[in-house]
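The structure under discussion appears below in the form of structure tokens.
The values are calculated or read from the model by the stated rules, or taken from the named source; none is laboratory data. Everything numeric in this text was worked out from a predicted model, so none of it was measured. FYI the Cβ positions are ideal-geometry reconstructions off the backbone, even for glycines, and counts take in every protein chain you see.
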Amino acid sequence: MASEPAVSRDLLDGALELADALSKASVRYALIGGLAAGYRTQARFTKDLDFLLQVPQLQLPGVLEELRRRGFDCDLSTTIREWTQHHMTTLSFRGVRVDWLKPVVPAYQHVLDRATEEIWQGRPIRVASAEGLILLKLSAWRTQDQLDIENLVAAHKDTLDLDWIRAEWATLAHPADRRLARLVELVAGRRKANGEPGA
């Protein structure tokens, strides 16, 4: 990344406080969503935080209590119930929505595995790789996700591990699904514009 994207203070504080608390609790996590896409490409507007994380159920109450001490808001019983039953939940930090997603399928676990530790405002935070973000955004496929994929391809076209994305996508999608083909065309088009071989 060339430079750190400018984001709201509350958004960044929430991301870094959560990252610090999870690291100290030895919880595996990765920043995903719009803020992570902006980190890997260029800053874009986003008003919430998205994290992929794996916290054992027995450890969850202690982690949530620590987060409350750091300024996060949540109802403990509701959060624990949502996390254990639905594998996702929502907290807030100074009014910023913080969404948690559990990596319940192997592909999402692999996104977590590929995340890298970055330094943001002098503090460490694990951010999903460009490939991991693309995989998650292929799954969601909303308009903003498609725009984020285009930006991620533009920023990382020379280094993207398309074979990894193909292999992981094959575990999630039907062979007739055209989303991966669209990604491959996008990468090939970007590389061709640079006078490089296609994907």
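Being more than 19 Å from Gln42 (Cβ to Cβ) and loosely packed, with under 13 Cβ neighbours inside 10 Å is the filter here, so list the residues in the stretch 155-166 that pass it. Passing the criteria: only Asp163.
Of Leu22, Leu16, Leu52, Leu12, which residue is under 18 Å from Val111 (Cα atoms), touching a residue at least 60 places away in the same chain (Cβ under 8 Å) and hydrophobic (A, V, I, L, M, F, W, C)?
Leu52
Of the residues in the stretch 128-139, not one is of a type in the set (A, V, I, L, M), at pLDDT 95 or above and exposed (fewer than 13 other Cβ atoms within 10 Å of the Cβ).
In summary, Pro175 fulfils each of the numbered conditions (1) at pLDDT 95 or above; (2) part of a loop (DSSP other than H, G, I, E, B) with the single exception of condition (1).
In the stretch 33-56, which residues are β-branched (Val, Ile, Thr) and more than 16 Å from Ala19 (Cβ to Cβ)? First the steps, then the outcome.
Of the residues in the stretch 33-56, the ones β-branched (Val, Ile, Thr) are 41, 46, 55.
Within the stretch 33-56, Thr41, Thr46 meet the criteria.
Condition test on Leu152, is it buried (at least 19 other Cβ atoms within 10 Å of the Cβ) and touching a helix residue (DSSP H, G or I) at 6+ places or on another chain (Cβ under 6 Å)?
Numbers: buried (at least 19 other Cβ atoms within 10 Å of the Cβ): yes; touching a helix residue (DSSP H, G or I) at 6+ places or on another chain (Cβ under 6 Å): yes.
Spelling it out, Leu152 is indeed buried (at least 19 other Cβ atoms within 10 Å of the Cβ) and touching a helix residue (DSSP H, G or I) at 6+ places or on another chain (Cβ under 6 Å).
When restricted to residues that are under 15 Å from Glu17 (Cα atoms), free of Cβ contacts under 8 Å to residues at least 60 places away in the same chain and assigned to a strand (DSSP E or B), the stretch 64-101 contains 6.
Identify, please: which residue in the stretch 143-172 is among the charged types (D, E, K, R) and in a helix (DSSP H, G or I) and is, among those, farthest from Gly34 (Cα to Cα)? Show your work before the answer.
The first filter runs over the stretch 143-172 and keeps only residues among the charged types (D, E, K, R), leaving 145, 148, 150, 157-158, 161, 163, 166, 168.
Those still in the list that are in a helix (DSSP H, G or I) too: 145, 148, 150, 163, 166, 168.
Numbers: Asp145: 9, Asp148: 8, Glu150: 13, Asp163: 24, Arg166: 22, Glu168: 21 Å.
Step by step, filter the stretch 143-172, then rank; the result is Asp163.
Summed over the stretch 178-199, residues that are assigned to a helix (DSSP H, G or I) and surrounded by 13 or more Cβ atoms within 10 Å (Cβ to Cβ) total 12. Could you please let me know if Leu22 is among the hydrophobic types (A, V, I, L, M, F, W, C), outside any helix (DSSP H, G or I) and either surrounded by fewer than 13 Cβ atoms within 10 Å (Cβ to Cβ) or modelled with pLDDT of 95 or more (or both)? No: the conditions fail for Leu22. Screening Tyr29, Tyr39 for residues that are part of a helix (DSSP H, G or I) and within 22 Å of Ile134 (Cβ to Cβ) leaves exactly one candidate, Tyr39.
Considering the stretch 79-123, the residues that are among the polar types (S, T, N, Q) and buried (at least 18 other Cβ atoms within 10 Å of the Cβ) include one that is farthest from Ser139 (Cα to Cα), namely Thr79.
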